[in-house]
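Chemist: Take this structure, written in structure tokens, and hold onto it; I'll ask about it next.
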Amino acid sequence: MAPTRRGWSTVNSSTTGDGANGNPEHTLESTPEKDRKDEKDEKDTGRTFNPSQLPAEAFEYLPDTLHNITECLGAGHERDTFLTGVLPVCAGAMPNVRLRYGGQWLSLNHYTAVIAPAGAGKGKFRIAKQCGKKLDKRIYDNSRRQIELWEQRQESKEEEAGSRPQEKTLFLPGDTSASEMKHMLQANPHSVMFETEFKTVGTALSQDWGQFRDVMLKAFHNESVTVARRKDDILRIGHPAMSAALSGTPSTFHEVIEDVEDGLFSRFCFYTFDAETEWVPQFSDDTDWELEEATDEAANRLDNINETLTQRDEPLYVTFPDSVQKKHTEACRTVLEALKAQDVPQCLHPNVKRAGLNALRFGSIFALMRLDERGTDLSGPKSVAISEADLRGGLYLAFSYLSHALQVAEEMEATDGEKGLHEGHKDYLEALPEGAFDTADADRIAEELGIDDRKARRWRKKFAQKGLLVDEGYGSWRRPSSESVPGVLSVHSVLSVLFDRNGGLDRKPSVEDEGAPF
């Protein structure tokens, strides 16, 4: 039997209303409930954060199916890398689900990446793929049966065979052409690119035939993809929702994403660490069967969820109660203001915005999985409202990944801070005084260098976007000290904001919390 968590239960509450906005008809709310005694025992204990790992609190909010696997792995980088890899697999297993965010109907897909040196201990990442193995086999086997039936009709010529069905899989290969990528994504818009080596994806992207970067950029926000070639039919993917789970070493990571201004950088949730290589016994032990059984249980659950959601006539809508919307807005605004206060470059601000979206995607995955765990038929309700507990779990993860993204950005900018600047840019930047100065000083220096006013204004804007210059507003500027990488917020700074007791996110849920009675 797979390990279970003591003190967790679920509460089912239904509301009726008139649609998917606010009080939807046939709405379910999924909420975890934790033992109150545990809460009392832990209420006054302090927290110690390891900025290189995901916070322990993030695992408290996981549905049992995922928590059981992480319990087998234990605390540390192994369970962190597994969770980072399995989230996109879960998203790929949940098609026909929509949430309303930023004026758009979006799916639960997202991208994650684990970056660590060889031998650091990221091997458990591949266990995440096993959670989708049963679903992948069913999707592939069903598509092969359709192809065989088509071939039989072709041979018999007794009836019109139509177009040849496409071969479908859950997992997309990273070693593929852009054309094949689009056809596979058309066959299964909720596919997952799962690769344990950045090199595989980087090699494809570096080839003329492998330029599918634009597809990944669009698919993150479910923007339609249309391809027209003179000799081929027009290929349309109305709602691409691919996910991606990648891992590899820092050097090969740069073959996939070159710099922080690459649009893919803000779309990825990063987990990075550098651990000392240690020898781990490679023979079976008593916990192997528990891990295997917990993984098989997850594979069965994801397959069941996928089959149920696929058979729905209408999408299952995820909604957010007012209290969830308020806490989400407060959290995202707090972190964004903290980044601005510490001069994080504007090119990194999209990471915060997309972290807000990822938090809701994670929370929605948790809610749906929890409902399935308690036997709820997901083919019935019109919508599901996530609880504050689901939101907290999503925020813990999304902002922790954000802090790791900033660490990755810091490492990239440390050696590449002035990439894209020509000699004229650099001369002007170096001539500007360190510390505070005003626009008049900047214009005077530009004039001395023979740079016209319009060009100088454009260049200063470029410097600000790269974090090489800070626009203080009202004609005031500041050039950060050259002794440190400008405008990169440390991992620890983000965590201190996220877990600030006055910020509300760190507060232990209580029995009075609506939707989170623990």
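The values are calculated or read from the model by the stated rules, or taken from the named source; none is laboratory data. None of these values were measured; they are calculated from a predicted model. Don't worry about glycine lacking a Cβ; one is built from the backbone with ideal geometry, like all the others, and counts go over all protein chains shown.
Chemist: For the structure I just gave you, tell me whether Phe366 is among the aromatic types (Phe, Trp, Tyr), under 22 Å from Ala56 (Cα atoms), at pLDDT 95 or above and part of a helix (DSSP H, G or I).
Modeler: Yes; evaluated as a whole, the condition is true for this residue.
Chemist: In this structure, is Thr169 assigned to a helix (DSSP H, G or I), touching an Asp or Glu at 6+ places or on another chain (Cβ under 9 Å) and β-branched (Val, Ile, Thr)?
Modeler: no
Chemist: In region 99-115, is there at least one residue being touching a helix residue (DSSP H, G or I) at 6+ places or on another chain (Cβ under 9 Å) and among the basic types (Lys, Arg)?
Modeler: Filtering region 99-115 for residues touching a helix residue (DSSP H, G or I) at 6+ places or on another chain (Cβ under 9 Å) gives 99, 101-102, 106-115.
From the residues that got through so far, the ones that are among the basic types (Lys, Arg) too are none.
No, region 99-115 has no match at all.
Chemist: With the structure loaded, tell me whether Thr176 is without any contact (Cβ under 8 Å) to a residue 40 or more places away in the chain, in the same structural domain as Pro95 (by TED's automatic domain parsing), polar (S, T, N, Q) and not in a helix (DSSP H, G or I) or whether it fails that test.
Modeler: The answer is yes for Thr176.
Chemist: Which residues, counting only those in region 323-344, are touching a residue at least 40 places away in the same chain (Cβ under 8 Å) and among the charged types (D, E, K, R)?
Modeler: Matches in region 323-344: Lys327, Glu330, Asp343.
Chemist: With (1) at pLDDT 95 or above; (2) exposed (fewer than 15 other Cβ atoms within 10 Å of the Cβ) as the list, and Ala244 as the residue in question, which single condition is left unmet?
Modeler: Condition (2) is where Ala244 drops out.
Chemist: Something else about it: How about region 85-98: which of its residues are touching a helix residue (DSSP H, G or I) at 6+ places or on another chain (Cβ under 7 Å) and on the phi < 0 side of the Ramachandran plot?
Modeler: Gly85, Val86, Leu87, Val89, Cys90, Ala91, Ala93, Met94, Pro95, Val97
Chemist: Which strands (runs of 3 or more DSSP E) does region 1-119 wholly contain that include 2 or more residues that are modelled with pLDDT under 90 and not polar (S, T, N, Q)?
Modeler: On the way: elements: 9-15, 27-33, 97-101, 104-106, 111-115.
By residue number, 27-33.
Chemist: Which residue, of Ser143, Ser191, is among the polar types (S, T, N, Q) and surrounded by fewer than 20 Cβ atoms within 10 Å (Cβ to Cβ)?
Modeler: None of the others qualify; the one that does is Ser143.
Here's the yes/no breakdown for (1) among the β-branched types (Val, Ile, Thr); (2) surrounded by 12 or more Cβ atoms within 10 Å (Cβ to Cβ); (3) in contact with a Phe, Trp or Tyr (Cβ under 7 Å, 6 or more places away or on another chain):
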residue	(1), (2), (3)
Ala431	no, yes, no
Gly435	no, no, no
Asp441	no, yes, no
Ala446	no, yes, yes
Asp452	no, no, no
Phe463	no, yes, no
Val470	yes, yes, yes
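Chemist: What are the residues in region 206-226 that are within 17 Å of Glu255 (Cβ to Cβ) and crowded, with 20+ Cβ neighbours inside 10 Å, if any?
Modeler: Those that are within 17 Å of Glu255 (Cβ to Cβ) and crowded, with 20+ Cβ neighbours inside 10 Å: Gly210, Phe212, Met216.
Chemist: Do you know which of the residues in region 249-271 that are assigned to a helix (DSSP H, G or I) and under 25 Å from Phe399 (Cβ atoms) is farthest from the chain's Cα centre (by Cα)?
Modeler: Per the stated criteria, the residue is Pro250.
Chemist: Could you check Ala118 against (1) crowded, with 19+ Cβ neighbours inside 10 Å; (2) in contact (Cβ under 8 Å) with a residue 60 or more places away in the chain and say which number it fails?
Modeler: Failing condition for Ala118: (1).
Chemist: Which ones in region 226-248 are over 30 Å from Pro345 (Cβ atoms) and part of a strand (DSSP E or B)?
Modeler: Selection gives Thr226, Val227, Leu235, Arg236, Ile237.
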